[in-house]
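One structure below.
The values are calculated or read from the model by the stated rules, or taken from the named source; none is laboratory data. Here the structure is a predicted model, which is why all the values come from computation and not from measurement. Cβ atoms come from the backbone with ideal geometry, glycine included; neighbour counts cover every protein chain shown. Only protein heavy atoms, including side chains, enter the accessible area calculation; ligands, DNA and RNA are left aside. Shrake-Rupley method; radii C 1.70, N 1.55, O 1.52, S 1.80 Å.
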Amino acid sequence: MDWEQISLFEVKMINRFTELLFLMLLFNLTSLYTQNILKLKSAMSNKIEDDREKVLDVTRRLTQLMIDKNTVEINKLLDNSFTLTHITGYVQPKEEWLSEIEKETMKYYSFKEITVSVNIDGDKAVFIGQNILDARIWGTRNKWRLQQTMQLEKRSDKWIILKSVATLF
């Protein structure tokens with residue numbers, strides 16, 4: 001093709017065709033980008049929901065193990081430096097608490113879950129649960145309206161409870 005012989009009309013047509021190709025390419029790239037962002041958001045949402053369920057499983061399992069008086073399994077759910085802060089404000093080390101469960105100076109009978117919430121930020125989570133807990137603590141049996149606020153950390157795809165603070169609701 002002799003470029004000197006191209007008419008002004010043909011130049012305009014080539015320019016329009018080039019613009020159209022560019023717009024089509026831009027549209028396709030934008031569409032692919034949007035699809036990938038939506039897939040990423042969906043995957044992140046699924047991961048957060050999966051982590052939320054795992055946190056709930058761990059906290060519910062802890063409560064059931066307390067009732068079962070299974071301190072060996074409880075110990076596996078807790079960090080080495082775990083503490084339990086009682087409604088009195090007393091901060092109890094893990095070993096002392098497990099000993100109290102074994103001696104039944106803290107005896108747990110049953111629980112009824114009222115509400116739960118989980119807030120996850122990366123490998124950290126905060127669980128807040130309200131239960132009616134039937135327990136005898138240091139000689140006093142009651143159906144305690146307890147709110148437990150637990151801090152957890154994900155280690156090797158496993159949620160570990162770092163600390164728990166009990167209050168009444």
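It is to be established whether one or more residues within segment 49-57 are crowded, with 16+ Cβ neighbours inside 10 Å, in contact (Cβ under 8 Å) with a residue 24 or more places away in the chain and β-branched (Val, Ile, Thr). Yes - at least one qualifying residue is present in segment 49-57.
If you check Lys143, Lys163, Lys107 for being in contact (Cβ under 8 Å) with a residue 12 or more places away in the chain and in contact with a Leu (Cβ under 9 Å, 6 or more places away or on another chain), only one passes: Lys163.
The lone criterion from (1) out of contact with any helix residue (DSSP H, G or I) (no Cβ under 7 Å at 6 or more places or on another chain); (2) part of a strand (DSSP E or B) left unmet by Leu84 is number (1).
Please pick out the residue among Ser81, Ser110, Ser31 that is among the small types (Gly, Ala, Ser), on the phi < 0 side of the Ramachandran plot and open to solvent by 70 Å² or more (accessible area, probe 1.4 Å).
It is Ser81.
When the criteria are applied in full, Thr85 meets the requirement of being β-branched (Val, Ile, Thr), closer than 30 Å to Leu133 by Cβ, under 24 Å from the mean Cα position of the chain (by Cα) and modelled with pLDDT of 95 or more.
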